[in-house]
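The values are calculated or read from the model by the stated rules, or taken from the named source; none is laboratory data. Treat the numbers as computed from the prediction; the structure is a model and nothing was measured. Every residue, glycine among them, receives a Cβ derived from its backbone with ideal geometry; neighbour counts consider all protein chains shown.
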Amino acid sequence: MQLFRQKTAVKSFDSAAQFVSEFNLCASDFMLISRRVYEKYFAHLGLECHVEFKSKYGTSEPTDIMMDALIKDFRQSGCSRIIAIGGGGVIDMAKVLVLKDAQCTEDIFMRRVPIVKEHELIAVPTTCGAGSEVSSVSITSITSRSTKLGLADEAIFPDCAVLIPELLEEMPYEVFATSAIDALIHAAESYLSPKASPYTELFSLEAIRLIISGFTKVLAEGESARMALLSDFLMASNMAGIAFANAGTGAVHAMSYPLSGKYHVTHGEANYQFFTAVFKEYRRQRPEGKILTLEALIAKELGCEADKVYDALESLLDRIIPRKPLSAYGMTDPEADSFAKDVDELQQRLLNQSYVKFDIPTMAAIYRSLL
């Protein structure tokens, strides 16, 4: 049994200028980045890279149509190295560019073509949630199916992850909140995964501690308090990413994909909807083993009794950013059944990594309970 691996090198810099100098960015580099981050931190550095802004391809999270257009631009650029600077969506889009003869995103995600790495990828996160900079997973919406799919393959591991806390300063509060909650979910799901090991558990638990501690300070001191904690949240996100890159995520992610695919709910926000509901169902169906240890550890951080941990966690997170009912996005009662069937058909990879493998009726009931 493989206990742990870390294929992506992780580096940290105090500034964008230090990163540019260290990596010697040049004309053979293809940079995918948000316009706002580029103009504030990179425009004055006189880069010779081929630069494309994520907004050129769309303002939503990645779709196969967006990725197809990006692949075309990359192939026409003649560049050999990819520099992805952004949130998980930007990095996930860039991951398909590393593949030899990449052309059609749907074919790639449905594995109709060989998945073979050809180009180097440097990933620089500007949010504190996805952990995509250290994972071998890319997520996109397949428009013909109105759902999200994940591609998990060692070929798309970034070669290097670069942590620059100053790049997170441009995050709006809502993006900070939902992305950090996403990292918390990564850590908790990977801790319970049947593929977890003592090594991944260390990363999961430290990420949970850092995030809950940070959220507690934000609630006590106000939203602006997050600015002094960006390094902690970025490190927690990275640790959670390392944990789930090894152990995987589970039913929370699986159930979030139809919501994101049909109603274009951002990844972190969609995961947030299902977090405690899924974990309560885990506890109901399998009230023994590692979930008890996890509940005790989180309860200690929250200062509550273990049997009250989900109520306390919901209270904390709802004060960070209120959670919406699924009906607020447009979801209807009949979709509970169709979404559950969709997850069962398309997300077996994630369901098999869950603490309890849910069946269709269980997932449909969870969807209905959150309407």
Inset, instruction - Within the stretch 191-221, count every residue that is surrounded by fewer than 20 Cβ atoms within 10 Å (Cβ to Cβ) and either over 26 Å from Q6 (Cα atoms) or small (G, A, S) (or both). - result: 7
Legend entry - Residue under evaluation S224, criteria (1) in contact (Cβ under 8 Å) with a residue 60 or more places away in the chain; (2) surrounded by fewer than 24 Cβ atoms within 10 Å (Cβ to Cβ); (3) of a type in the set (S, T, N, Q), criterion not met: (1)
Legend entry - Residue that is surrounded by the most Cβ atoms within 10 Å (Cβ to Cβ) [pool: residues in the stretch 54-74 that are over 20 Å from H267 (Cα atoms) and touching a Phe, Trp or Tyr at 6+ places or on another chain (Cβ under 7 Å)]: L70
Legend entry - Conditions (1) farther than 25 Å from A247 by Cα; (2) not assigned by TED's automatic domain parsing to the domain that holds F358: number failed by M110: (1)
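Tell me the residue from L168, L210, L219, L230 that is touching a helix residue (DSSP H, G or I) at 6+ places or on another chain (Cβ under 6 Å) and without any contact (Cβ under 8 Å) to a residue 40 or more places away in the chain, please.
Among L168, L210, L219, L230, only L210 is touching a helix residue (DSSP H, G or I) at 6+ places or on another chain (Cβ under 6 Å) and without any contact (Cβ under 8 Å) to a residue 40 or more places away in the chain.
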Legend entry - Total residues in the stretch 5-17, condition closer than 15 Å to A243 by Cα, touching a Pro at 6+ places or on another chain (Cβ under 9 Å) and surrounded by 15 or more Cβ atoms within 10 Å (Cβ to Cβ): 1
Inset, instruction - Answer yes or no: is there a residue in the stretch 127-137 that is at pLDDT 95 or above, outside the structural domain of A340 (by TED's automatic domain parsing), of a type in the set (G, A, S) and crowded, with 24+ Cβ neighbours inside 10 Å. - result: no
Legend entry - Matching entry among I185, I181 (being in contact with a His (Cβ under 9 Å, 6 or more places away or on another chain) and either closer than 30 Å to D344 by Cβ or surrounded by fewer than 21 Cβ atoms within 10 Å (Cβ to Cβ) (or both)): I185
Inset, instruction - With a cut-off of at least 2 residues that are among the small types (G, A, S) and in contact with a strand residue (DSSP E or B) (Cβ under 8 Å, 6 or more places away or on another chain), name the strands (runs of 3 or more DSSP E) lying wholly within the stretch 105-181. - result: 137-142, 147-152
Legend entry - Any helices (runs of 4 or more DSSP H) falling wholly within the stretch 253-358 and containing at least 3 residues that are surrounded by fewer than 21 Cβ atoms within 10 Å (Cβ to Cβ), at pLDDT 95 or above and among the basic types (K, R): 267-285
Inset, instruction - Among the candidates E189, E170, single out the residue that is modelled with pLDDT of 95 or more and of a type in the set (D, E, K, R). - result: E189
Inset, instruction - Evaluate the stretch 283-306: report whether one residue or more is under 22 Å from the mean Cα position of the chain (by Cα), under 30 Å from T63 (Cα atoms) and touching a residue at least 60 places away in the same chain (Cβ under 8 Å). - result: no
